[in-house]
Amino acid sequence: VKWKSRSEKLIIVPGLRYDHNSIFGGSTNPRIGLVYKFSNKITYKANYGSGFQFPSPRNLYGSWAGTTVNPALEPETITAYETGLIMPVSDKVWNEVSGYYNYIDNSNILGTNLPPRKTYGLEYKLKIRAGDLGKQLQDLRIYANYSYTRPLYDTDLSNEATGRSSNRVGSIASHKLIFGFGGTVANFLYVNSRNNYVSARETN
């Protein structure tokens, strides 16, 4: 379902999902997206949604040696918010900035429900169509994506083996950067360079 205003500046896309599980019952999760075009230079977007994930049978009942079994596991739930601006500078330069917030409860790692966690994030995207640079290089395109993520548990978690304690969610890097370019050389060979940077990250 999609709703548009008469001017077509405002677009709203609502959604609804229902899941039923014979053990945990039913779950209804709404979702809605909104796009508003202020002008040809600025477009605003916003999204809200919730989700529900049942524990896997493997973690509930086990299936082979080495699997952590916990029949008391609870379903994982998530509530997500996102907002941002799309800002084309021209037909050759396009950029977008957005922010998001997720709240996850009962996340399941190794057969254990962990405390609630909150994830804050920012993202920036840039695309440039540089066009032809002489006869030897055509349709040059340059792009860059940067994201900052800060995921935190509501309480500190400790590790008996290392003696460390932290509320930082493990295995998620704070900074990620992707940048690259591509173009056609001498009318027959397409060349692309993609580069990734990921900052240090703690383990779980």
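The values are calculated or read from the model by the stated rules, or taken from the named source; none is laboratory data. Predicted model, so just to flag it, every value in this text is computed and none were measured. Cβ placement follows ideal geometry from the backbone for every residue including glycine, while neighbour counts extend to all protein chains displayed. Note: areas computed on protein heavy atoms with side chains; ligands, DNA, RNA excluded. Shrake-Rupley method; radii C 1.70, N 1.55, O 1.52, S 1.80 Å.
Quick look at the values:
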{"read-out": "Verdict on S98 being open to solvent by less than 60 Å² (accessible area, probe 1.4 Å), on the phi < 0 side of the Ramachandran plot and within 13 Å of the chain's Cα centre (by Cα)", "value": "yes"}
{"read-out": "Criterion violated by S107 - all others in (1) under 30 Å from T68 (Cβ atoms); (2) surrounded by fewer than 17 Cβ atoms within 10 Å (Cβ to Cβ); (3) small (G, A, S) satisfied", "value": "(2)"}
{"read-out": "Residue that is nearest to I109 (Cα to Cα), among those in region 172-200 that are of a type in the set (S, T, Y) and open to solvent by less than 60 Å² (accessible area, probe 1.4 Å)", "value": "S174"}
{"read-out": "Meets criteria (at pLDDT below 95, assigned to a loop (DSSP other than H, G, I, E, B), touching a Pro at 6+ places or on another chain (Cβ under 8 Å) and surrounded by 15 or more Cβ atoms within 10 Å (Cβ to Cβ)) for L60", "value": "no"}
{"read-out": "Failed item, numbered, when N47 is tested on (1) open to solvent by 30 Å² or more (accessible area, probe 1.4 Å); (2) more than 19 Å from K2 (Cα to Cα); (3) not acidic (D, E)", "value": "(2)"}
